[in-house]
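Novice: Pasting a structure here, questions to come.
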Amino acid sequence: MRLPSLSWMNRISLALTLLCVASFFLPLPAQKKFSAALVLVSYLSFCLQTLRRHNEELATQHQGFSAELNQANAQSIMIVYASQTGFAEQIAVKTAQHLQDAGMSVAISSLAAIKVETLSKTSRILFILSTTGEGDAPDNAAAFTRLVMNQKIDLSHLHFAVLALGDRHYQQFCAFAHRMDHWLKHQQAHSLFDMIEVDNGDEGALRHWQHYLGLISGHTEMADWSKPGYQDWILTERELLNPGSLGGPAYRIACIPAQNAGSNDYVWQAGDIAEIGPDYPPEANAVNNTGERPALPHREYSISSLPADGKLELLVRQMHRPDGSLGIGSGWLTAYAEIGQSIKLRIRENRNFRAPAQDCPLILIGNGSGLAGLRAHIKARASHGHLHNWLFFGERNEAHDFFHREEILAWQTNGVLNKVNLCFSRDQAERRYVQHAIQEQQADILKWVEQGAAILVCGSLQGMAEDVHQTLSNILGLDTLESMAELGLYRRDVY
Ligand SMILES: Cc1cc2nc3c(=O)[nH]c(=O)nc-3n(C[C@H](O)[C@H](O)[C@H](O)COP(=O)(O)OP(=O)(O)OC[C@H]3O[C@@H](n4cnc5c(N)ncnc54)[C@H](O)[C@@H]3O)c2cc1C
Ligand SMILES: Cc1cc2nc3c(=O)[nH]c(=O)nc-3n(C[C@H](O)[C@H](O)[C@H](O)COP(=O)(O)O)c2cc1C
């Protein structure tokens, strides 16, 4: 410990003390010795106070330092790549740059340099991994797979995400990234969001990755790496689905293509995503240094209708930014764009959220705007005559938030939905969410899964998706749930 340096006050006091101490050894009257003792006691108490003040100062500095350190940890992240021909490395550098521009502290490393100790000391890692050969790890990942992935390590402190680069022409698509994802989960590491697969450099999947980089860094306004090839659509309908709700307003949005309605560009399947190109609100005056408005980043929305409906529908929750203004994408769709106006939209294929083609039972689980993706699936199941379907849906109050109520009740009456469990969290004293209904229905869940059921989950990542995953793994066992995921029988579209 470093001692406090003596101020001139302390020096005078020290001299006084020495004088006092010396006075005890001098032949002086008792009264004088008593006064000297008083001076000595007051000096010692002065010294103690100074020392205490100094220690408090040190403690305060320490507190400030650890608060900064905590902040730095929350804002710091490691990016690890394994690359054979350089693409994963290139995306890793772009990812690092993106997060740095958003104010985060970023470390970047090849998987070759990662040891057990690195994993033990790091709290957040984004893995960007390609696959080579026939489902093999890139050459420079060989040491890691041999020395680290063969071990059992406690990684319960680690939060991670995986961007998987591959090519669907190969039989074992993104196999190395899958092996890593599986291994990390078995070491108790927590995934920040589901693995994103990039087929042959697909820019849409890379924009999806960027969506999560925005959430991680808290900066969702960063420009897209590549602008989607939007088409012109016309906004035709906007309907408020939850008047009087305690939650944010949620709208059914409908649009139709501006032209070439027969083109393949306008065909989609249940599970697919609409990438929207938002525009500025009418009163906005943001310009960059060239005097132009920078292009706003895309936003993704689950498509909630089928082409057979003759329109593309979305279910959009209006969001607010920290400064109180409306969210870039949800504000554009729910407030600023006018009916009849042209909007930029691109359909993104989302193979990871497809239901099995065969007529197996299907359990659909979602909350809030997550009903969008499930609605398209229920419509598709009805159109194929696949009628073994069970819906779990959660919102706040039945009186205000039962989105698409008439449609859901009609599906129940005409046998498209065999079972429906609704959880309105605020309709009773105790909060009740979909995971609670799933838990109560565990016997039937087991029965349905034994009969070959698939499970689709759509909606919020925070809260719902994690708790549903935990509840399902308690009921079915983590191994069963993982095997279901590998077979395409457990799929999630959560955000
Ligand atoms: C695959 C996918 C499907 C989606 N489907 C739908 C859908 O069907 N309906 C729907 O309403 N939304 C959906 N979203 C979310 C949507 O893309 C936007 O993130 C959302 O509308 C907010 O964007 P914004 O531009 O309005 O708000 P922003 O301007 O980005 O931000 C507004 C505020 O909200 C915060 N925020 C943004 N996104 C989230 C989030 N996901 N969780 C918590 N806070 C957030 C921001 O940090 C900011 O404080 C989906 C997202 C993904 C990735
Ligand atoms: C020789 C070779 C073998 C490949 N094998 C696979 C494979 O088994 N599975 C897969 O999903 N992708 C495979 N790919 C595709 C790559 O993973 C993909 O092109 C990736 O973007 C390359 O990233 P990289 O440049 O970082 O290595 C292969 C590519 C090459 C050239």
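Any read-out appearing in this document is the output of simple, stated calculations on the displayed coordinates, not a laboratory observation. The structure presented is a predicted model; accordingly, all values stated were derived computationally and were not measured. Note: ideal-geometry Cβ built from the backbone for every residue, glycine included; neighbour counts use all protein chains shown.
Novice: Give or take rounding to whole Å, what are the principal axis extents of the alpha carbon atoms in the stretch 247-376, in descending order?
Specialist: If we take the Cα atoms of the stretch 247-376, the spans are 56, 38, 25 Å.
Novice: What are the ³J(HN,Hα) values, in whole Hz, obtained from phi via the Karplus relation 6.51 cos²θ - 1.76 cosθ + 1.60 with θ = phi - 60°, for each residue of the stretch 307-321 in sequence order, with x given for Gly and Pro?
Specialist: x, 4, 6, x, 7, 9, 10, 10, 10, 10, 8, 6, 10, 10, 8
Novice: Pop the C-beta distance of SER123 and GLN259 into the FRET formula with R0 = 41 Å and round what comes out to the nearest 0.05.
Specialist: Step by step, r from the Cβ atoms, then E = 0.25.
Novice: Under the 0.36 nm per residue contour assumption, what length would be gained going from the current alpha-carbon distance of ALA112 and GLU134 to full extension?
Specialist: Full extension from ALA112 to GLU134 adds 5.9 nm.
Novice: Does a label point 7 Å from the Cα of GLN151, set along Cα-to-beta-carbon, have any residues of the stretch 187-201 with amide nitrogen under 17 Å, and which are they?
Specialist: 187-189
Novice: Label-point separation (nm) for GLN358 and GLU450, each offset 7 Å from Cα along Cα-to-Cβ?
Specialist: 1.9 nm
Novice: With a 10 Å radius around each residue's Cβ, average the other Cβ atoms per peptide and rank 142-151, 369-378, highest first.
Specialist: Going by the mean number of other Cβ atoms within 10 Å, highest first, we get 369-378, 142-151.
Novice: Could you give each residue of the stretch 418-424 its phi-based ³J(HN,Hα) in whole Hz, using Karplus coefficients 6.51, -1.76, 1.60 with θ = phi - 60°, and x for Gly or Pro?
Specialist: Result, ordered by residue: 6, 9, 9, 10, 9, 10, 9 Hz.
Novice: What does the highest-first list of 324-335, 165-176, 79-90, 107-118 look like by mean Cβ count within 10 Å?
Specialist: Descending mean neighbour count gives 79-90, 324-335, 165-176, 107-118.
Novice: Let me make sure I get this right: for the stretch 352-494, a, b and c are the square roots of the gyration tensor eigenvalues over alpha carbons, sorted descending. Under 1.5 in a/c it's rounded, otherwise prolate if a/b > b/c, else oblate. Which is it?
Specialist: Judged from the Cα gyration tensor, the stretch 352-494 comes out oblate (a/c at least 1.5, b/c at or above a/b).
Novice: As an exercise, find the ratio Rg/Rh for the stretch 190-253 from alpha-carbon atoms, using the Kirkwood inverse-distance average for Rh.
Specialist: Rounded to two decimals, Rg/Rh equals 1.08.
Novice: So for the stretch 152-259, what are the equivalent ellipsoid semi-axes in whole Å, largest first, each being the square root of 5 times an eigenvalue of the Cα gyration tensor?
Specialist: Equivalent-ellipsoid dimensions as semi-axes: 34, 22, 13 Å.
Novice: Ok, one more. Could you compute the net charge surrounding ILE365? Neighbours are other residues with a C-beta less than 14 Å from the C-beta of ILE365; K and R count +1, D and E count -1.
Specialist: My count for the surroundings of ILE365 gives -2.
Novice: Given the peptides 359-368, 299-308, 434-443, arrange them by the average over their residues of other C-beta atoms within 10 Å, most packed first.
Specialist: My ranking of the peptides, most packed first, is 359-368, 299-308, 434-443.
Novice: Where a Cα-Cα gap under 28 Å defines reach, which lysines qualify for LYS115, not counting those fewer than 8 residues away within the same chain?
Specialist: Qualifying lysines at Cα under 28 Å: LYS94, LYS152, LYS185.
Novice: Between LEU240 and SER383, what FRET efficiency follows from the Cβ-Cβ distance if R0 is 30 Å, with the result rounded to 0.05?
Specialist: After rounding, the FRET efficiency stands at 0.60.
Novice: Any chance you could run the full-extension gain for ASP167 through GLU440? It's 0.36 nm times the residue separation minus the Cα-Cα distance, nm to one decimal.
Specialist: 94.1 nm
Novice: Right, something else. What FRET efficiency do you get for ARG405 and ALA308 if R0 is 30 Å and r is their Cβ-Cβ distance, rounded to the nearest 0.05?
Specialist: Computed FRET efficiency for ARG405 and ALA308 comes out at 0.85.
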